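S.K.: Handing you a structure now.
The values are calculated or read from the model by the stated rules, or taken from the named source; none is laboratory data. Model, not experiment: these values are computed from the prediction. Cβ: placed from backbone, ideal geometry, glycine included. Neighbour counts: every protein chain shown. Each accessible area value is taken on the protein alone, full model and side chains, heavy atoms only, with ligands, DNA and RNA left out. Shrake-Rupley method; radii C 1.70, N 1.55, O 1.52, S 1.80 Å.
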Amino acid sequence: MTSASNDPQAQTLPKTYDPAAVEDRIYAAWEEGGYFQPRPDAPREPYTIVIPPPNVTDRLHLGHALNNALQDILIRWRRMQGHKTLWLPGTDHAGIATQAVVERRMFEEDGKTRHDVGREGLVQRIWAWRKRSGDLILEQLKRIGSSCDWSRTRFTLDEVCARAVRTVFYRMFADGLIYRGLRLVNWDTHLQTAVADDEVYHETVQGSLWHIKYPVKDAPGEFVTVATTRPETMLGDTAVAVHPDDERYQHLIGKAVVLPLLDRELPVIADGLLVDPAFGSGCVKVTPAHDPNDYEVGLRHSLEMINILTPDGTINANGGPYEGLDRFDARKKVVADLDAQGLLQSIEDYQTEIGHSDRSKTPIEPYLSDQWFVRMGDLAERAMEAVRDGRVTFHPDRYASTYLDWLGQKRDWCISRQLWWGHRIPIWRGSTEHDLLDAEKAAGAEAGALWQQEVDGARVSVRIATDGDDLFAYVCVPDGHPEAEARLEEAGFAQDVDVLDTWFSSALWPFSTLGWPDDEAGDVGTFYPTDVLVTAREIITLWVARMVMMGLYNMGEVPFADVYIHAMIQDGEGRPMKKSLGNGVDPLDVVHTHGADALRFTVAWMTTETQDVRMPVETDAETGRNTSPKFDQGRNFCNKVWNAVRFALMNLEDAEGAAFDAGALRLEDRWILSRTERIARKVTEELEAFHFQASLMAVYDFFWHDVCDWYLEAIKPRMEDPSERPNAQRVLAFVLDRALRLMHPYVPFITEAAWEALNATVTDRSLPGLAEAPASERIIVAAWPEANDALLNEEAEQAFGERQEIIDGVRRAKAESGQSASRVAAWFPEPAGREDLIEATFRDYAHLAGVTDVNVGEALPEGTVVASAYVACLGENAYVPMPEEQVEEERRRVDREIEEKRSQLQRAEAKLANENFITKAPEEVVDRERDRVREAKAALDALEKRRAELG
């Protein structure tokens with residue numbers, strides 16, 4: 001291991017900060033030192049975060065940068081506090097997304113589909129692709145300083161996670177929580193798989209609304225009119241619904257209409273939940289197999305459910321003469337045939353919201369399909385109770401309602417996907433009459449019967465189901481029993497071809513990644529439950545709720561105590577950052593141009609309690625890539641830190657072993673030490689509450705203003721005085737040490753580089769008898785500042801604060817007089833009994849105000865033109881005489897402003913003199929004009945007074 005103290009690059013700081021020269025070297029040192037791994041000798045309890053696993057197909061974007069920067073801030077802070085920290089990284093196999101990527105590449109490169117290469121061939125290709133591409137996004141996360149324990153990196157399809165998935169699935173199946181059923185699902189016809197509600201987005205599409213006449217049976221010439229945006233779905237109609245109180249259709253309830261084109265009789269039913277009698281004709285076609293609302297109607301009225309689609313979106317045999325047509329081609333033909341038969345009443349332009357698959361970007365079809373489901377009732381209730389009783393807390397708390405509202409629906413979770421990449425469902429289907437099954441239990445079993453039995457040493461779970469009139473058995477095999485699986489297949493049982501929803505394995509992430517169920521005494525026992533989850537609002541339902549549900553079911557404890565939901569970054573126009581919009585910013589481009597710390601600083605600064613934050617996007621003139629001026633603030637802060645540390649180190653070169661006398665501390669020393677203590681408490685308090693921006697602003701203001709603008713400037717004369725220099729050096733070293741510790745979680749690279757140089761300059765930075773500064777070779781494991789009441793000094797803060805007000809007053813008066821950079825005389829003709837304070841201020845800190853002479857209690861010479869600024873602690877003004885040339889310039893400026901204000905006043909008064917305006921304009925508009933008159937008069941009075949002073 002290369003010691004920081006022996007590394008020549010760590011001895012001194014170059015004149016300018018170059019992130020590229022620092023970041024790779026520092027990160028390598030952290031990894032080589034093993035600092036990211038939990039410290040076995042850590043004095044405090046474990047603190048654990050599991051990374052929201054990015055998809056293996058992902059590349060780093062700003063959302064990832066924000067999410068992981070916040071996690072790293074928390075883990076670095078807790079590591080410095082002495083916790084046994086673990087930030088566990090990993091990636092998600094992302095079933096649909098990954099299979100789609102590889103299938104597309106395979107077709108583009110080889111002209112083959114998955115059906116050409118078969119299941120095993122496709123899966124092999126996907127594993128090969130993953131091996132080539134690797135976990136690229138994890139490598140990219142290292143570029144922004146993520147301090148994960150990479151030795152524990154997990155993948156949702158690796159052996160550890162796969163064992164957990166099999167174990168949980170078996171338990172849930174054996175407990176009767178997993179079942180197979182015919183249900184309406186969101187169907188992606190392009191990928192030919194079910195997708196979750198939360199994986200569907202809606203777009204407004206310009207289409208048509210077709211009004212179709214359905215003949216009433218045995219009533220020649222009588223029709224009911226229905227309207228639809230998808231006329232092809234009429235092929236699956238099984239009823240027409242009307243409102244039970246609609247007098248127009250009372251005579252039809254219980255009768256039938258004839259389905260056009262297919263001549264199928266449809267009952268007319270009364271349903272007050274579906275039908276609004278005031279909308280359209282008051283008649284609604286009911287297609288239970290292809291519309292979620294109609295599906296519920298079908299259940300309420302026991303209607304037949306007719307599926308008219310094949311998995312690829314073409315019409316099946318239930319569509320009669322339209323069989324084999326793509327659904328959109330069928331739409332055109334259905335409309336044409338209706339028109340030819342005189343049954344198309346009208347067509348109107350119509351905008352409608354169409355669901356699209358987030359994966360394939362193609363329209364979703366509601367589709368009746370056999371799928372595997374998890375019963376959500378009791379599981380959801382237990383997860384809801386965990387939030388209600390405070391075991392899980394959302395930050396900001398408004399997001400708890402999203403969680404509770406979704407779980408409150410208790411809709412069963414569709415967990416099967418018609419894919420080949422993923423965790424294959426461990427269910428085998430076969431005959432109930434096979435001698436593998438317990439003969440006694442199978443003999444009299446009815447549908448729904450469930451039991452456990454032995455098969456080749458495996459304790460399998462058996463459930464009886466029906467297919468029409470025939471019974472068959474589902475057999476679930478626990479993990480680790482390939483002999484039982486082989487025995488079942490030899491006996492004619494076939495494994496289910498579907499895979500599990502990716503979110504099923506992701507729901508187990510907080511404990512599967514720790515080695516459960518095999519390591520309950522090791523990592524699981526140490527690091528579960530985890531402490532906090534940092535994520536975005538769009539996966540509260542997809543992931544957060546399910547992790548709580550699965551944690552309680554499998555572990556008996558919630559998986560984390562806190563959930564922090566961060567804002568979403570939008571562009572300057574409020575649009576989401578998307579590749580299709582060309583408005584995204586690549587974080588690695590920012591790392592290249594500004595440095596990783598500038599990136600981290602900026603996204604943390606933007607992390608407020610709001611739902612979304614905006615980042616204006618512009619093109620970088622040098623690179624031609626998207627960037628944002630917001631990152632300049634982060635870079636400017638890093639440059640400020642670098643320059644301030646360099647200056648401090650130059651004044652600390654002989655500070656090692658310097659004497660310290662706590663009784664000889666000057667006012668500015670006592671003030672900065674108190675401010676240091678107060679800010680350390682503030683930063684800690686804000687981080688405890690997950691107030692990232694507030695905590696960063698506190699340390700930013702402290703370092704930029706208190707340390708750089710005031711303390712460093714205040715002690716400059718003392719650094720030239722051998723008798724004053726030692727105490728000033730010791731306090732400066734301590735304050736710099738504390739400031740670097742407080743800044744480290746946010747800007748880790750620059751603080752580690754500065755820490756190296758500080759260690760090489762002065763090793764002991766404690767203040768004997770007053771405050772400790774525990775030594776550490778690396779700041780990443782340096783101790784976080786602990787509360788020290790001895791440093792707090794309200795009297796010093798008030799006293800120095802008053803001196804700051806006086807100095808600031810003189811500075812503002814100088815600026816108004818055009819003499820900011822000049823040394824001038826200052827006047828306090830009416831000191832209000834604070835003469836001693838004013839004289840003490842300029843005796844000790846005249847160099848901070850830039851004054852040559854201070855006149856206290858003396859009247860200004862007659863005819864002197866001055867600039868002034870109010871000083872609150874005096875209740876009076878500070879005055880600075882203006883040079884003649886500046887007086888003339890000030891006269892011209894004031895004259896211009898007087899003219900502008902007079903014009904504004906005349907316009908506002910003219911409006912108010914207009915009777916039509918007074919009587920016709922809204923009251924708030926009139927009041928606004930009256931306010932403008934008052935404001936203009938007050939401003940004009942002040943300007944005219946100032947003009948009189950200028951002569």
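S.K.: Take the conditions among the hydroxyl-bearing types (Ser, Thr, Tyr), assigned to a helix (DSSP H, G or I), surrounded by 16 or more Cβ atoms within 10 Å (Cβ to Cβ) and out of contact with any Gly (no Cβ under 7 Å at 6 or more places or on another chain) and apply them to residue 98. Does it pass?
M.R.: Yes; evaluated as a whole, the condition is true for this residue.
S.K.: If you check every pair at least six apart or on different chains, which have Cβ atoms under 6 Å apart with a residue in the stretch 410-427 that is over 14 Å from residue 119 (Cβ atoms) first and a residue that is open to solvent by 10 Å² or more (accessible area, probe 1.4 Å) and small (Gly, Ala, Ser) second?
M.R.: 410/377
S.K.: A further question follows. Quickly run through the stretch 332-346 and pick out the residues that are in contact (Cβ under 8 Å) with a residue 40 or more places away in the chain and in a helix (DSSP H, G or I).
M.R.: 334, 335, 337, 338, listed by residue number.
S.K.: Additional query: Which residues, counting only those in the stretch 544-565, are open to solvent by less than 10 Å² (accessible area, probe 1.4 Å) and over 19 Å from residue 177 (Cβ atoms)?
M.R.: Result: 544, 560, 563, 564, 565.
S.K.: Does residue 484 meet the test of being touching a Ser or Thr at 6+ places or on another chain (Cβ under 6 Å) and in contact (Cβ under 8 Å) with a residue 12 or more places away in the chain?
M.R.: Working: touching a Ser or Thr at 6+ places or on another chain (Cβ under 6 Å): no; in contact (Cβ under 8 Å) with a residue 12 or more places away in the chain: yes.
No, not satisfied.
S.K.: Considering (1) in contact (Cβ under 8 Å) with a residue 60 or more places away in the chain; (2) of a type in the set (A, V, I, L, M); (3) open to solvent by 20 Å² or more (accessible area, probe 1.4 Å), say which one residue 383 fails and leave the rest.
M.R.: Residue 383 satisfies every listed condition except (3).
S.K.: Does residue 790 count as modelled with pLDDT of 95 or more, touching a strand residue (DSSP E or B) at 6+ places or on another chain (Cβ under 8 Å), assigned to a loop (DSSP other than H, G, I, E, B) and of a type outside the set (Ser, Thr, Tyr)?
M.R.: Here the answer is no, as residue 790 does not meet what is asked.
S.K.: Can you pull out every residue in the stretch 553-580 that is of a type in the set (Gly, Ala, Ser) and either on the phi > 0 side of the Ramachandran plot or in contact (Cβ under 8 Å) with a residue 12 or more places away in the chain (or both)? Even if it seems obvious, please write down each step before you answer.
M.R.: Applying the first criterion (of a type in the set (Gly, Ala, Ser)) to the stretch 553-580 yields 556, 561, 567, 572, 574, 580.
556, 561, 567, 572, 574, listed by residue number.
S.K.: If a residue must be within 53 Å of the chain's Cα centre (by Cα) and open to solvent by less than 90 Å² (accessible area, probe 1.4 Å), how many such residues does the stretch 244-256 contain?
M.R.: 4
S.K.: Where the second residue is outside any loop (DSSP other than H, G, I, E, B) and open to solvent by 60 Å² or more (accessible area, probe 1.4 Å) and the first is free of Cβ contacts under 8 Å to residues at least 24 places away in the same chain and over 11 Å from residue 184 (Cα atoms) and lies in the stretch 289-317, which pairs have Cβ atoms under 9 Å and are six or more apart or on separate chains?
M.R.: 314/329
S.K.: From the list 908, 878, pick out the single residue that is without any contact (Cβ under 8 Å) to a residue 40 or more places away in the chain, open to solvent by less than 70 Å² (accessible area, probe 1.4 Å) and either within 30 Å of residue 712 (Cα to Cα) or not acidic (Asp, Glu) (or both). First the steps, then the outcome.
M.R.: Numbers: 878 fails: without any contact (Cβ under 8 Å) to a residue 40 or more places away in the chain.
Unique residue meeting the criteria: 908.
S.K.: Now a separate question. Determine the pairs where a residue that is more than 17 Å from residue 742 (Cα to Cα), located within the stretch 629-651, has a partner that is open to solvent by 30 Å² or more (accessible area, probe 1.4 Å) and basic (Lys, Arg) with Cβ atoms under 8 Å apart, the partner being 6 or more residues away or on another chain.
M.R.: 646/15
S.K.: Among the candidates 30, 87, single out the residue that is hydrophobic (A, V, I, L, M, F, W, C) and touching a strand residue (DSSP E or B) at 6+ places or on another chain (Cβ under 8 Å).
M.R.: 87
S.K.: Next up: Going through 392, 460 one at a time, which residue ends up being of a type in the set (A, V, I, L, M, F, W, C) and either closer than 30 Å to residue 198 by Cβ or touching a Lys or Arg at 6+ places or on another chain (Cβ under 9 Å) (or both)?
M.R.: Being of a type in the set (A, V, I, L, M, F, W, C) and either closer than 30 Å to residue 198 by Cβ or touching a Lys or Arg at 6+ places or on another chain (Cβ under 9 Å) (or both) holds for just one of 392, 460, which is 392.
S.K.: Residue 737 versus (1) open to solvent by less than 30 Å² (accessible area, probe 1.4 Å); (2) assigned to a loop (DSSP other than H, G, I, E, B); (3) not aliphatic (A, V, I, L, M): which is the lone unmet condition?
M.R.: For residue 737, the failing item is (2).
S.K.: Another one. Could you identify the single residue in 852, 841 that is polar (S, T, N, Q) and over 50 Å from the mean Cα position of the chain (by Cα)?
M.R.: From the options 852, 841, the qualifying one is 852.
S.K.: Right, another one. Within the stretch 124-149, count every residue that is hydrophobic (A, V, I, L, M, F, W, C), assigned to a helix (DSSP H, G or I) and surrounded by 19 or more Cβ atoms within 10 Å (Cβ to Cβ).
M.R.: Within the stretch 124-149, residues that are hydrophobic (A, V, I, L, M, F, W, C), assigned to a helix (DSSP H, G or I) and surrounded by 19 or more Cβ atoms within 10 Å (Cβ to Cβ) number 4.
S.K.: Of everything in the stretch 527-574, what is at pLDDT below 95 and polar (S, T, N, Q)? Give them in sequence order.
M.R.: 541, 570
S.K.: Still on this structure: Restricting to the stretch 587-615, name every residue that is open to solvent by less than 50 Å² (accessible area, probe 1.4 Å) and part of a loop (DSSP other than H, G, I, E, B).
M.R.: Passing the criteria: 594, 595, 606, 607, 608.
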